[in-house]
Amino acid sequence: MSTATPEDDHRTDSPIDGVRYIPLSFDTAHAEDSALKLVQAYAPEWSLNNAHVQFVPFTEGITNTLYKATIELPGRSRAEIDQNAILLRAYGNGTEILIDRQRELKAHTLLASRGLAPPLLARFENGLMYRFVSGDVCSPEDLRIPEVYREVAARLGEWHGSLPISPISTYPTLNGRTPGQKSSQPAPTIPIPNIWTVTASWIAALSSTTPADASRQSTLSTELSYLRTRFEQTPGLFSRPYIFAHCDLLSGNVIRQQPLPDTEEKIRPVTFIDYEYATPAPAAFDLANHFAEWGGFACEYTALPTRSARKDFLHHYTLAFYDAVLEANSNVAVEIDFRAAVEQLEEQVNSMRGLPGFYWGVWALIQQGISEIEFDYKSYAEKRLGEYWGWREAEREGKVEGSSVREKRWAEE
């Protein structure tokens, strides 16, 4: 991972929100031409080595357009070339309905300051540029490999245990209380925005022009009210109901890096990319959401983690979470019932297993009307919302598991 050098400071216009700004846009109709103009505006060497500039598109995502830019000079190793590579991420059409780009910038800046994200290099009219993260992009199959998922668990535990949520949220208080709150009442513990307010804004953005659309919107709104009532105050580890959640930890956002130098172990650490959906959420939601991604975009439900795999993952997650918390509070003595903590987390993740389907189902309903990316959002919305309704069926009937393939797989030992 490489950082920008001080002499880079003059290369773009004045910074906005601490990130240099380039007054140009990425044009999907002329992708490489516009990408070349952007990297040339960022740094002079991209103009001087114009003949050696290459662009590689990444197609794993279904929200944005992503290109890797490199200068392929003769005699340089792949590691040397990748050290100075740039990623250009152009926002998907209309995604401002779904994503708060200012919150994304704040999240990325915080993560980069802690070595958990690549340095941001610049922002342009409709996207960002940042350093390329060297490594191998995971596939859904990779996520199911114990040596991989244990590293994912450890990294996610570090995120949840160490990152403050204050840079991406606020507590809507007035003199320590919300408007209208009596002085005897405790200050609120729910940050704004959060996973519930974000989802509510998505539902509000859905079309309601036809009776069917309006009925669907009303049903989803009612369901969200139920979910908020049930899960809004879920206690987390160390009694933290909300943590800094990634909220989009699919396989393509997990990068396996090379083993650390000067170590005998050949363990490959992982890092996470793409933080546009990061928002405060219960830890169990972020975990349940990641487990859902073991099935990939194809929603291969028989590939989801069984009880034993989830327990193994949560064991390593909880270890890393507590290590991160204790490191940040080394002067505070804390007694930990580790087994009870893992069991509590297991129960909470199990309770929230249907929520990712609701979240991404609503997301896909919006995307089918705005996205220019070739993807069957309509079918995806039906699949993801089907997951949710399968879970709700079990909830209504008071069953431990539902009758769907996904529910049965989730219940397997």
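Only four residue types carry charge here, +1 at the Cβ of Lys and Arg and -1 at the Cβ of Asp and Glu. Report the dipole size of the chain about the Cα centre in Debye, rounded to the nearest 20.
On the way: 39 positive and 55 negative charges, 194 e Å.
About 940 debye.
Share of antiparallel DSSP beta bridges in the chain, in percent to the nearest 5?
In the chain, approximately 95 percent of DSSP beta bridges are antiparallel ones.
Roughly to the nearest percent, how much of the accessible area of the chain is carbon and sulfur, given a 1.4 Å probe?
Carbon and sulfur atoms account for 50 percent of the accessible area of the chain.
At Gln368 and Ser47, where each label point lies 7 Å from the Cα along Cα→Cβ, what is the point-to-point distance in nanometres?
4.7
With runs of 4+ DSSP H residues as the only contributors, calculate the mean residue ellipticity of the chain at 222 nm using -39,500 (n - 2.57) per run, divided by the residue total and rounded to the nearest 500.
Mean residue ellipticity, 222 nm, calculated: -13500 deg cm²/dmol.
Charges on Cβ only, +1 for Lys and Arg, -1 for Asp and Glu, centred on the Cα centroid of the chain; of Leu66, Gln233, Val342, which one is farthest towards the dipole's positive end?
The one lying farthest along the dipole's positive direction is Gln233.
Below 8 Å between Cα atoms, with a sequence gap of 6+, how large is the relative contact order for region 20-131 in percent?
Rounded, it is 28 percent for region 20-131.
Quick one: how many lysine pairs in the chain have C-alpha atoms under 19 angstrom apart, if they're 8 or more apart or on different chains?
Numbers: Lys37/Lys68; Lys311/Lys408; Lys383/Lys408; Lys399/Lys408.
Summing the qualifying lysine pairs gives 4.
Quick one: go through region 335-366 and flag any residue whose amide nitrogen is under 12 Å from the point 7 Å out along the Cα-to-Cβ line of Arg307.
347
Give the distance, in whole Å, between the Cα centre of region 220-240 and the Cα centre of region 22-73.
Their Cα centres are 42 Å away from one another.
Give the relative contact order (percent, whole number) for the chain; include only Cα pairs under 8 Å separated by 6+ residues.
16
Among (i) 194; (ii) 373; (iii) 184, which is the computed volume of the Cα convex hull per residue in Å³?
Of the labelled values, this structure produces (iii).
Kindly rank 302-309, 32-39, 395-402 from highest to lowest mean number of other beta carbons found within 10 Å of each residue.
So the peptides 302-309, 32-39, 395-402, ranked by packing, come out 32-39, 302-309, 395-402.
Under a GNM of the chain (C-alpha, springs under 10 Å), which listed residue has the highest mean-square fluctuation: Leu87, Leu66, Leu326?
In this elastic network of the chain, the residue with the biggest mean-square fluctuation among Leu87, Leu66, Leu326 is Leu326.
For the chain, report the accessible area per residue in Å² (1.4 Å probe, heavy atoms, rounded to an integer).
46
Net charge within 14 Å of Tyr277 by Cβ-Cβ distance, Lys/Arg positive one each and Asp/Glu negative one each, not counting Tyr277 itself?
Around Tyr277, the charge tally is -4.
What distance in nm separates the simple spin-label points at Ser215 and Glu335, each placed 7 Å from Cα in the Cβ direction?
According to this spin-label approximation, the distance is 5.7 nm.
The values are calculated or read from the model by the stated rules, or taken from the named source; none is laboratory data. Quick caveat, the model's predicted, so the values are computed rather than measured. Ideal geometry is used to build each Cβ from the backbone, glycine not excepted, and the neighbour counts take in all protein chains shown. For the accessible areas, the whole protein counts, side chains as well, though only heavy atoms, and no ligand, DNA or RNA atoms are used. Shrake-Rupley method; radii C 1.70, N 1.55, O 1.52, S 1.80 Å.
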